[in-house]
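Trainee: Have a look at this one.
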Amino acid sequence: LRSCHMLQPPATAWPKLAAEPILQRPRLLGTKPQLVSLCFPKPQLTRCQAWSAMEILRQADEGITARLQRLSFGVLDYVVLPAAVLFGWSGIGPVLVAVFLLAGLQGLFLAVLALAVGQVACRGLKVLLQRRRPSPPAGVSRAITIKVPGPDDPDGASFPSGDTMAASAVGAALALAGHGAPWWLLGAYAGFARVYFWCHFAFDTFMGYIVGSAAALLVSSISNGGLSLKWHHVALAVPPFLVVMKVLKKLQAARHAKGN
């Protein structure tokens with residue numbers, strides 16, 4: 001046989017097993033071989049790596065959460081309880097009164113504006129991501145239980161933790177106002193309490209701490225540590241805050257209705 005191509009099998013699509021570009025066999029006599037990339041496209045590979053990393057993070061988060069939620073302190077639950085309930089909408093009023101008594105108007109204004117910034121960011125992430133709350137572990141009890149927001153609540157989604165955000169914003173405000181570095185731990189105390197009482201996953205509280213601390217640092221950086229803040233700054237921040245929170249509440253209601 002003069003033409004060796006007569007011995008070759010019909011041209012078919014080759015399986016993509018190689019990690020580098022290879023030469024494709026010519027389908028017709030006389031055509032030039034073409035380079036064909038058998039690698040994943042870079043955007044697709046990046047997405048695969050991102051999803052893989054997120055899955056590892058999710059598994060680690062759920063593992064840590066399970067360990068913390070299976071702890072049981074008995075009557076000492078009442079020591080953990082204040083951090084779990086004082087930084088929600090019903091408990092933040094007395095907290096701000098305590099901030100005023102401790103740090104005066106400087107600390108109060110700094111804490112209030114940090115809470116406003118942090119709450120907008122926190123609720124926005126809740127509405128966007130819609131993470132479910134953890135389920136209480138079987139066979140574990142608490143000396144007292146607390147109410148967990150339902151899925152129809154504007155703050156019903158789990159990620160990030162709003163209470164942890166509020167505690168870290170208040171603690172950071174007190175620390176930045178010069179009342180001691182240990183106040184940075186207030187958010188960690190609240191975060192542990194929210195996980196312990198089955199309200200959040202561990203990563204929810206971690207991100208809540210980051211959001212609250214970042215909000216306080218932002219407000220402090222543009223107000224000379226809160227020294228330049230006046231009452232009218234807080235008054236001017238209230239209307240846009242209420243409008244944004246109302247819009248996010250409606251978005252959450254719409255998403256919940258659509259999901260049902």
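The values are calculated or read from the model by the stated rules, or taken from the named source; none is laboratory data. Given the structure is predicted, the values throughout are model-derived calculations rather than measurements. All Cβ positions, even for glycine, are placed from backbone atoms using ideal geometry, and neighbour counts span all protein chains on display. Ligands, DNA and RNA are stripped out before the accessible areas are found, and what is left, the full protein with its side chains, is counted by its heavy atoms. Shrake-Rupley method; radii C 1.70, N 1.55, O 1.52, S 1.80 Å.
Trainee: Can you tell me which residue among Leu128, Leu101 is open to solvent by 50 Å² or more (accessible area, probe 1.4 Å), modelled with pLDDT of 95 or more and either β-branched (Val, Ile, Thr) or part of a helix (DSSP H, G or I) (or both)?
Mentor: Leu101
Yes/no matrix, rows are residues, columns are (1) modelled with pLDDT under 70; (2) open to solvent by less than 60 Å² (accessible area, probe 1.4 Å); (3) under 20 Å from the mean Cα position of the chain (by Cα):
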| site | (1), (2), (3) |
| --- | --- |
| Thr12 | yes, no, no |
| Ile64 | no, no, yes |
| Leu86 | no, no, no |
| Ile92 | no, yes, no |
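Trainee: While we're on this one: Within region 198-208, can you find the residues that are touching an Asp or Glu at 6+ places or on another chain (Cβ under 8 Å) and either without any contact (Cβ under 8 Å) to a residue 60 or more places away in the chain or open to solvent by 10 Å² or more (accessible area, probe 1.4 Å) (or both)?
Mentor: Of everything in region 198-208, those that are touching an Asp or Glu at 6+ places or on another chain (Cβ under 8 Å) and either without any contact (Cβ under 8 Å) to a residue 60 or more places away in the chain or open to solvent by 10 Å² or more (accessible area, probe 1.4 Å) (or both) turn out to be Phe201, Ala202, Phe203.
Trainee: Which helices (runs of 4 or more DSSP H) does region 177-260 wholly contain that include 1 or more residues that are out of contact with any helix residue (DSSP H, G or I) (no Cβ under 6 Å at 6 or more places or on another chain) and either at pLDDT below 95 or more than 30 Å from Leu76 (Cα to Cα) (or both)? Spell out how you get there, then give the answer.
Mentor: On the way: elements: 186-196, 202-221, 231-259.
Ranges flagged: 202-221, 231-259.
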